[in-house]
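A short write-up of the structure that comes next.
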Amino acid sequence: MCENTNAQVLHGYPRVVGSAGYLPRLVDPLIEDLFSTFSAIMLVGPRATGKTTTAARYARTVVRLDRENEADAFVRDPDAALAATPEPVLLDEWQIVPEVLGAVKRAVDRDHRPGRFILTGSVWSDFRGRTWPGTGRVIRIDMTTLSVRELQGDSRRPSVIDALADGRLDELRVPENAPDLVGYIDLALRGGIPLACLEPNERRRRAWLSSYVGQIVTRDIDTIDGQRDPQRLMRYLAALAANTAGVVDDKTLYEAAGIHRETAQAYERLFRDLLVLEKLPAWFSNRLKRLVRTPKRLLFDPAFAASILRVNSQGVLRSGDLIGRLVETFVAAQIRAELPVCESEPHMYHLRQMDGRREVDFVLELGGGRVIGIEVKAKAAPKPEDARHLEWLKDELGEQFVAGVVFHTGNMISELRPGIIAAPICTLWG
């Protein structure tokens, strides 16, 4: 995630690659604010998304707990080891030595000075349970893959999501050299995992992603459950990748992977624990009838999904189904990166009726039950009929419906219905 000042071009957008400087992240101002106020913060996100690089900027001492020699003292006596470490201290991959969290809790209880401890973690399972010692002491910050806005060095501009939340649809802008469908597929296949998307050589990028997938199903899962078969895990992960951005029943997935239901449930928990799989909850309202409660499964990064399926841009273009899934997964990643820093504090859901007659790809719920409806279309010229589900939602919710957007792969902004516009995906970073 570090870079020098050599500008490369990514579909007409300058980006910076290399190793001399730091590529600012959307969450940087949030980290600065919270760490200047609270004693301990925690960056949480999938492995290799840049948490350590970002957190190290605020630390005097970095302790890599995934390195046995550095972790040894914290295994033996975490309180003594922590007390002897110059602050601010970064405890990287804390879940490998979970006892350090108790030591942080006790240190914070004794001394509430701000800016003492930063923890990073790539596993979700340790945050569960009523006795988790971080409650009230450690402030969690979710960190995602790099968004295109971050890649363009535009991390300090207010979020487009906040403009939508205020109904300011007229503020959306199309940047120069807007991608077309092939361009968006290329962006999706680059993804946002820093070491992959900042690599200009496609062959090396694909090799890195392939290795990353392999490590997920072998080394990383072994750290939380060492009794799983990597081959069966890979088959289930492939089923998830083929159905990313879909509302699919469990049976479809475990039959595609050739495993039993109970095994599939266990595998899904593991992938969710590693933060590479999100089950986007279904949005629900008493004002609407026959809504399904089934979550939508999304892999955290479209390039990760494509690497699992071993497809390149030509392979994606030959599959209409995969085009839609990867473009929607790409848009989800752009929105997900914005959520922690939005002033409007949105929560993301999806919406679908039981008979499948109406569905909305993403529903962003704001305070007071207000919502933004978002559809994603892998087409260049949406028509008013492409907004019919958003129009239905607007009619049902009335004033609770703040704005509707159909994001598409063209280059024009247009009004489809009152309060509902069609906008290029690139307006998310324009």
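What follows is calculated from the coordinates using simple rules that are stated; it is not laboratory data. Remember, predicted model here, so these are calculated numbers, not experimental data. Virtual Cβ from ideal backbone geometry, glycine too; neighbours counted across all protein chains shown.
How high is the FRET efficiency from residue 400 to residue 310, r the C-beta distance, R0 41 Å, rounded to 0.05?
Working: r = 44 Å, r/R0 = 1.07.
After rounding, the FRET efficiency stands at 0.40.
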- The helix 99-110 Cα axis meets the longest alpha-carbon principal axis of the chain at an angle in degrees, between 0 and 90 and rounded to 10, of 80 degrees
- Message: Suppose we keep just the DSSP beta bridges with both residues in the chain; what percent of those would be antiparallel, to 5?
- Response: 45 percent
- Taking the Cα centre of the chain as origin, sum charge times position over the Cβ atoms of Lys and Arg (+1) and Asp and Glu (-1), and report the length of that vector in debye to the nearest 20. 620 debye
- Note on the structure: Dipole check, segment 308-430, charges on Cβ (K,R +1; D,E -1), about Cα centroid: among 311, 408, 364 the Cα furthest to the positive pole belongs to 311
- Note on the structure: Using alpha-carbon positions, the gyration tensor of segment 28-142 gives root eigenvalues a ≥ b ≥ c; with a/c under 1.5 called rounded, otherwise prolate if a/b exceeds b/c, else oblate, the class is rounded
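Can you order the peptides 350-360, 263-273 by their average number of other Cβ atoms within 10 Å per residue, highest first? Before the final figure, lay out the partial values.
On the way: 350-360: 15.6, 263-273: 19.1.
Highest-to-lowest ranking by the protection proxy: 263-273, 350-360.
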- Select from 112, 91, 43 the residue farthest towards the positive end of the dipole of segment 28-142; place +1 on Cβ of Lys and Arg, -1 on Cβ of Asp and Glu, and compute about the Cα centre. 112
- For residue 260 and residue 180 in the same chain, what is the full-extension length gain: residue separation times 0.36 nm, less their Cα-Cα distance, in nm? 24.7 nm
- Against the longest principal axis of the chain, how steep is helix 202-215, in degrees 0 to 90 to the nearest 10, with axes from Cα atoms? 60 degrees
- Note on the structure: In whole percent, the Cα-Cα distances of segment 148-428 spread across 10 Å bins from 0 upward as 6, 28, 35, 23, 7, 0
- Query: Using +1 on the beta carbon of Lys and Arg, -1 on that of Asp and Glu, and nothing else charged, what's the dipole of segment 226-326 about the Cα centre, debye to 20?
  - Reply: 380 debye
- Message: Which entries of 296/377; 289/379; 251/296; 105/279; 289/394; 105/296 have Cα-Cα distances beyond 26 Å here?
- Response: 289/379; 105/279; 105/296
- Note on the structure: Tilt, helix 261-273 to longest principal axis of the chain (alpha-carbon atoms), in degrees rounded to tens, equals 70 degrees
